[in-house]
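The values are calculated or read from the model by the stated rules, or taken from the named source; none is laboratory data. Keep in mind that what you see is a predicted model, and the values were worked out from it rather than measured. All Cβ positions, even for glycine, are placed from backbone atoms using ideal geometry, and neighbour counts span all protein chains on display.
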Amino acid sequence: MAEKTEKYDHKSIESRWQAEWETGGAFRTTEGHGDKYYVLEMFPYPSGKIHMGHVRNYSIGDVLARFLMMKGKNVLHPMGWDSFGLPAENAAIQHGIPPAKWTHENIANMRTQLKRMGLSYDWSREVATCTPEYYKWNQWLFLRLFEKGLAYKKRSSVNWCPECATVLANEQVEDGECWRCGSVVEMKELDQWFFKITAYADELLEHTNKLPGWPERVLTMQRNWIGKSVGAEVDFKLEGSDEAIKIFTTRPDTIFGVTFMSLAPSHPFVEKITTPERKKEVAEFAAKVKAEAKASRPGADEAEKEGVFTGAYCLNPLTGERVPVYAANFVLMEYGTGAVMAVPAHDQRDFEFAKKYGLPIKVVINPAGVELDPLKMEAAFVDSGVMVNSGKFDGLPSDGAKDAIIDSLEEQGKGKRSITYRLRDWGISRQRYWGCPIPVIYCDKCGTVPVPDANLPVILPENVNLTGKGLSPLAGADDFVNTVCPRCGNKARRETDTMDTFVDSSWYFLRYTSPRNETLPFGKDEAGYWMPVDQYIGGIEHAVMHLLYARFFTKALRDLGLHEIDEPFRNLLTQGMVCKEITKCPEHGYLYPEEAAGGKCSICSKPVSVGPVEKMSKSKKNVIDPDRIIKEYGADTTRLFSLFAAPPEKDLDWNEEGVEGSYRFLGRVWRLVVENLDLISGAKAWQGGSLEGSSRELHGATHRTIKKVTQDIEERQHFNTAISSIMELVNASYQFMPTLNGKGAGSVEARVFKEAAEAVVLLIAPFAPHISEELWSRLGSNVPVYKMKWPEWIEDALKLDEIEIPVQVNGKVRGRVRVAPGASEAAVKEVVLSDAKVKEFVEGKEIKKFVYVTDKIVNMVVA
RNA sequence: GCGAGAGUGGCGGAAUUGGCAGACGCGCCAGACUUAGGAUCUGGUGGGCAACCGUGGGGGUUCAACUCCCCCCUCUCGCACCA
């Protein structure tokens, strides 16, 4: 140990092993045999550079993939690029770089970055959604959905940004404004393609109960999004007309309490039924509500309920009572039928509305044993209770009366059972260039004609003038637009909208199972073998959109006979955000960490304030570039820290001291092995047998660590505690080192030490694979670590001769005794009562109770 | 408002089934080795002089509560006129 130990040089180690993996095709998946496991991380949009969120996401996935490989699973662990999208178009508009060039350069750069992280991907399966090889199948799937009636076109109202001259997805509208330019978003009527996701609403909802491997909150969000309501549709006949207003209600039990009717101001009946003398007022009101809706709806309950009387009346189908019809601002045209029966006594909104406009309140449900007085009510009574003022239904419990009332309505032909969803069909048309062309041709004679399969892919042309103005960029590409009708051969025009990029990502996990298939989007056999994804990992921001769309596609493709599974992702892990404290200069605002070295602003030298921890974002400048960290500390340290600092599903607080700590730990592992290399590689593996003293302890610690690390990864995915237990084993090994002095490689001590050191090297492999490979090869192995079998613990080694039992007196620890494992209560009691320390607290008092939890604790109650 | 999650040392976090609160790491303190150390190794580190007190606050169950029950406070996220 006298000579200087070789330093831990992460740079040369990491580049050597990355080259080794690359040339050796290390993580190429062997097809279709054995116990499979599909690990998938959400593929990135190729923005140009990876960020810490990616680092965390892929580190988590890589731990699982490498661990399971060592566990003997046939692991599929692919990577690709969600590479269509608006940023590429913006780059073209702002910097004149063609979107394809920009995207492919970004992919090349990010691929290099990912390879520098040492991730165990099967790169031979890489896909990019912007390539014709991929989007051909997007188009093919579109056509299959079209044939089944699951893709259709209709005119509908969409979010429109007048400045960018394009449609925006709902998620791209922030508080009623365009996320890019901040213009107020308008509603515009356009012809749009839709996918009929609502056809699967019930199954999507039902199957949320069959996903025990998903976080509850994601399931809850999806259930809310789908928003199923069970109730009835009821016709309220208009007075003096044959027509009826159709309403949807979940509370048919309150129908006898209807005192007015509320229509959405944009409901088609509003114009039709309003009496001439009220026309002006109603029209003004409708215009006002429309204007407010444009500037984003003011949130919920505190918004004032407003409305106007249309002058018309309708008739309660069960009582025949005359009911005035109002237009009201809180009724949404998009939900249900756009018309609501108003029951002020039992609905809070209707109650407020009735109070404001002096409309009658009629109680039809009383809480058990209470009689409500409409004049004294301060809020609606919305719970269930006992029916009153409801004719033959009086006295029934209101819950049960729902069915009876619907039955009665159905008998009279005035209503029927009905289910309503909040979920809308998925509008997939985008007036954008950088996306998958929708494979449809419009012919004056034949109408809407799908592009025949033989003509796929419809290639996205490259010579397109992008200005960011006007309609779809493709509409100006004459070579693209002008074509002939596949049916009649006459001149025809192509669809110029492209698909929402969420379409691309709704089935990429299936493509990975046979990424080079040239006859189908994916092979049925391969999908049958690999699907479902066993572990999917990604950010919570995709809780609804992507994950719901992917579930829908999986079901729709199943019904097309392309595969046989119901749900794409068996287990879902939603990682937390990567955060860092913000740094501010009183003069120059937010500063990048590099601009605040030594606590002073690099521009003006004023002291900076270090603020609260927030999600890393460019706008707040609290970002850390993974490239810099990897260069400075290495990929192993970067990965290790991102896994050690917090459990995966929690937010991670990035701090550089912590990174240094992880680097120090790897240095410690390095020295543990390298300083004792001759001894370890010279010693024979410990084969078992009886051990004493510190050797026995180290042996036990080794196996306890193996057990803990294995279970933490496998059962809990708590990598932070797995890593901390490896640290403990390393610490224990250092403590053991002095006993090695003067002992040869043949000694028991050397052999037990070898066991511990080798366990450390194998156990850190999923977290820090490069250093693990390097040390493992130095220890003399010809087999790389990733092909090694994951170590197994020996139960016998975990057994202890004696266990230290804390002894509590009246709940406070007053002493400790050592007993044999499994000792009887009587035996333990004897030892405890003869213990000097314990005696001090017990002497002269009566022991009222003696509790012994085997091998855990003693507690005595004395008085 | 509704739904979900969280609140533990100076900091990140641990305690998996009700059984020694604070593992592991950061930071800090001390010592060793060194020409030197911001390297490395070793030890210490919740508060309090102590009895004791300590897991957001208050109550309860229990021999025993971070953990279970009731009430309250704070924060984060999601949904938010859904009829």
Scan region A:215-227 and tell me whether some residue there is without any contact (Cβ under 8 Å) to a residue 40 or more places away in the chain, more than 11 Å from RNA strand B (Cβ to nearest atom) and of a type outside the set (S, T, Y). no
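Got a number for residues in region A:672-715 being under 19 Å from A:F644 (Cβ atoms) and touching a residue at least 12 places away in the same chain (Cβ under 8 Å)?
9
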Just the residues that are touching a residue at least 40 places away in the same chain (Cβ under 8 Å) and within 26 Å of A:G667 (Cα to Cα), please, taken from region A:612-628. A:I624, A:D625, A:P626, A:D627
Give region A:266-283 a look and list any residue that's under 18 Å from A:K356 (Cα atoms) and touching a helix residue (DSSP H, G or I) at 6+ places or on another chain (Cβ under 9 Å), or say none. A:V282
Complete set of residues in region A:511-553 that are hydrophobic (A, V, I, L, M, F, W, C), buried (at least 21 other Cβ atoms within 10 Å of the Cβ) and not in a strand (DSSP E or B): A:F522, A:A527, A:W530, A:M531, A:A543, A:L547, A:L548, A:A550, A:F552, A:F553
Counted residues, region A:542-581 - those being out of contact with any Leu (no Cβ under 8 Å at 6 or more places or on another chain), within 14 Å of RNA strand B (Cβ to nearest atom) and either of a type in the set (V, I, T) or closer than 13 Å to A:F509 by Cα (or both): 3
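What residue, of A:I582, A:I603, is in contact with a helix residue (DSSP H, G or I) (Cβ under 8 Å, 6 or more places away or on another chain), β-branched (V, I, T) and assigned to a strand (DSSP E or B)? Explain how you work it out, then say what you get.
On the way: A:I603 fails: assigned to a strand (DSSP E or B).
Among A:I582, A:I603, only A:I582 is in contact with a helix residue (DSSP H, G or I) (Cβ under 8 Å, 6 or more places away or on another chain), β-branched (V, I, T) and assigned to a strand (DSSP E or B).
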Might you let me know whether region A:497-510 holds any residue that is surrounded by fewer than 18 Cβ atoms within 10 Å (Cβ to Cβ) and either of a type in the set (S, T, N, Q) or farther than 30 Å from A:N159 by Cβ (or both)? no
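Hey, among the residues in region A:773-811 that are of a type in the set (G, A, S) and more than 16 Å from RNA strand B (Cβ to nearest atom), which one's farthest from the chain's Cα centre (by Cα)? Spell out how you get there, then give the answer.
At the first step, the residues of region A:773-811 found to be of a type in the set (G, A, S) are A:777, A:780-781, A:797, A:811.
With the extra rule that they be more than 16 Å from RNA strand B (Cβ to nearest atom), the set shrinks to A:777, A:780-781, A:797.
Details: A:S777: 39, A:G780: 43, A:S781: 40, A:A797: 41 Å.
Result: A:G780.
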A:A401 passes all but one of the listed conditions (1) surrounded by fewer than 23 Cβ atoms within 10 Å (Cβ to Cβ); (2) over 30 Å from A:F146 (Cα atoms); the exception is number (1)
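For A:F850, are the conditions met, namely being touching a helix residue (DSSP H, G or I) at 6+ places or on another chain (Cβ under 7 Å) and within 11 Å of RNA strand B (Cβ to nearest atom)? Explain how you work it out, then say what you get.
Details: touching a helix residue (DSSP H, G or I) at 6+ places or on another chain (Cβ under 7 Å): yes; within 11 Å of RNA strand B (Cβ to nearest atom): yes.
Here the answer is yes, as A:F850 does meet what is asked.
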Looking at A:A645, A:A683, A:A635, can you tell me which residue is more than 14 Å from RNA strand B (Cβ to nearest atom), at pLDDT below 95 and buried (at least 20 other Cβ atoms within 10 Å of the Cβ)? A:A683
Failed criterion for A:E792 (all others in (1) modelled with pLDDT under 90; (2) of a type in the set (D, E, K, R); (3) over 11 Å from A:I857 (Cα atoms) hold): (1)
The listed residue being out of contact with any Asp or Glu (no Cβ under 6 Å at 6 or more places or on another chain), closer than 22 Å to A:D636 by Cα and within 16 Å of RNA strand B (Cβ to nearest atom), out of A:N741, A:N731: A:N731
For A:G746, indicate whether it is touching a residue at least 60 places away in the same chain (Cβ under 8 Å), exposed (fewer than 15 other Cβ atoms within 10 Å of the Cβ) and more than 13 Å from RNA strand B (Cβ to nearest atom). yes
When residues of region A:594-626 are limited to those that are surrounded by fewer than 16 Cβ atoms within 10 Å (Cβ to Cβ) and acidic (D, E), the one farthest from RNA strand B (Cβ to nearest atom): A:D625
The condition from (1) touching a residue at least 60 places away in the same chain (Cβ under 8 Å); (2) surrounded by 19 or more Cβ atoms within 10 Å (Cβ to Cβ); (3) closer than 21 Å to A:R217 by Cα that A:A556 misses is numbered (3)
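Residues that are among the acidic types (D, E), buried (at least 21 other Cβ atoms within 10 Å of the Cβ) and in contact with a Leu (Cβ under 7 Å, 6 or more places away or on another chain): find the helices (runs of 4 or more DSSP H) completely inside region A:1-119 holding 1 or more of those.
Details: elements: A:10-24, A:52-70, A:86-95, A:99-116.
In region A:1-119, A:52-70, A:86-95 are the helices (runs of 4 or more DSSP H) which contain 1 or more residues that are among the acidic types (D, E), buried (at least 21 other Cβ atoms within 10 Å of the Cβ) and in contact with a Leu (Cβ under 7 Å, 6 or more places away or on another chain).
Filter region A:145-167 down to residues that are in a strand (DSSP E or B) and hydrophobic (A, V, I, L, M, F, W, C) and give me whichever is modelled with the lowest pLDDT.
Just the residues of region A:145-167 that are in a strand (DSSP E or B), to begin with: A:151-161, A:166-167.
Still in the list and also hydrophobic (A, V, I, L, M, F, W, C): A:151, A:158, A:160-161, A:167.
Numbers: A:A151: 97, A:V158: 78, A:W160: 79, A:C161: 78, A:V167: 75.
Among them, the one singled out is A:V167.
Given region A:262-368, what helices (runs of 4 or more DSSP H) lie entirely inside it while holding 1 or more residues that are over 27 Å from A:G415 (Cα atoms) and at pLDDT below 95?
Values: elements: A:268-273, A:279-294, A:348-357.
In region A:262-368, A:279-294, A:348-357 are the helices (runs of 4 or more DSSP H) which contain 1 or more residues that are over 27 Å from A:G415 (Cα atoms) and at pLDDT below 95.
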